[in-house]
Amino acid sequence: MPSKHPLAIPKKPQGIVTRGKTARNRLRQVDNFLLLYEPDMITRPDDSLFVDLGYGAEAFTTLETAERFRRLNPGLRILGVEIEPERVAAGLPYADERTFFRLGGFNVPLLAGESVRGMRAFNVLRQYSEAEVTPAWEQMARYVQPGGLLIEGTSNPTGAIWAANLLRRVPEGWHKEALVFFTNFHLGFDPLEFQTILPKNYIHRMVPGEQIFEFFSAWKAAVAETSPVQTWGLRQWFAASAHALARRGYRINLRRKWLSKGWMIWEQPA
């Protein structure tokens, strides 16, 4: 059985110490999205790990994810990774034969024979420069099995809204499968709210001529066009704006199971 002790990993963690502050259940809807989007990643029968990279000053995001995912796969092994030794030490009392806490960074601290089926890195890269995003992705790709997923993005402090890159492991590295937006509508519905929590590779590109700027311009126009629908509720308005975006040529997943729950998936070309 792999050791639970972080010193079993003789690597210098790659990255910087982040603020590490988070609220309980902040990432609940990120987990719920993965459970609905890629249940086969959770249930695959091998012994590979799901990695919570940068879980913060306390271990509860990793523990919450373990509880949710193990409803589908009771034997799933979960690894929480942090760059600060004190945070790892605080997590170790919660470790068991399926839950591990180790010192590490973008160079994920795996033991011999271990591999990764999927990874979440939330509210981590937002604190880096844009130039550091691609190298961090490339480093993380080294540990993920073919076909595995990385969900990497940013939420507001409560998790009421978030935006995330969804990356699929392919032979060349990562394929950008989608940019996903979520809202629970507690803040109402306004695309401007999402601009403030865009992942790092987009946040500085909200300028004319950039793809993300054009997307938001189209989304704002779609929201204005469908504004009468808000009479029926914010969820209906959100869904109507997604359909209007699709009519403008954007590859939006229009399945009701996503839009009715507050997820909009902007699919990227294969």
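Can you give the local net charge around Ala90? Use residues other than it whose beta-carbon is closer than 12 angstrom to its beta-carbon, Lys and Arg +1, Asp and Glu -1. Net charge around Ala90: -3. Normalised by the number of residues in the chain, the average gap of Cα pairs under 8 Å and 6 or more apart makes the relative contact order 15 percent.
Taking Cα centre as origin and charging only the Cβ of basic (Lys, Arg, +1) and acidic (Asp, Glu, -1) residues, the dipole magnitude of region 113-270 rounds to 560 debye.
The simple Förster model, with R0 at 25 Å and r as the Cβ-Cβ distance, assigns Ala89 and Asn25 a FRET efficiency of 0.55.
In whole Å, what is the distance between the alpha-carbon centres of region 115-149 and region 202-229? Taking the Cα centre of each part, region 115-149 and region 202-229 sit 27 Å apart. Spatial offset of region 155-185 relative to region 72-106 amounts to 22 Å, using the alpha carbon center of each.
Here the dipole of region 6-186 is about 200 debye; that uses its Cα centre as origin and unit charges on the Cβ of Lys and Arg (positive) and Asp and Glu (negative). When peptides 132-144, 50-62 are sorted by average Cβ neighbour count within 10 Å, with the highest value leading, the order is 50-62, 132-144.
With a Förster radius of 30 Å applied to the beta-carbon distance between Glu97 and Lys176, the computed FRET efficiency rounds to 0.25.
Ordering Ala57, Gln145, Phe185 by the projection of their Cα atoms onto the charge dipole of region 6-186, which places +1 on the Cβ of Lys and Arg and -1 on the Cβ of Asp and Glu, puts Phe185 at the extreme positive end.
If a spin label sat at a point 7 angstrom from the Cα of Lys220 along the line to its beta carbon, the backbone N atoms of region 179-194 nearer than 14 Å would be those of 190-194. In units of the compact-protein estimate 2.2 N^0.38 Å, region 114-219 shows a Cα radius of gyration of 1.11. Distance between the modelled labels on Thr43 and His186, one decimal in nanometres: 3.1 nm (7 Å Cα→Cβ projection). Fully extending the segment from Lys12 to Leu72, taken as 0.36 nm per residue of separation minus the present Cα-Cα distance, adds 18.2 nm.
Just so you know, all these numbers are worked out from the coordinates, no wet-lab data involved. All of these numbers come straight from a predicted model, not from anything done at the bench. When we count neighbours, we look across all protein chains shown, and the Cβ atoms used for this are built from the backbone with ideal geometry, even at glycine.
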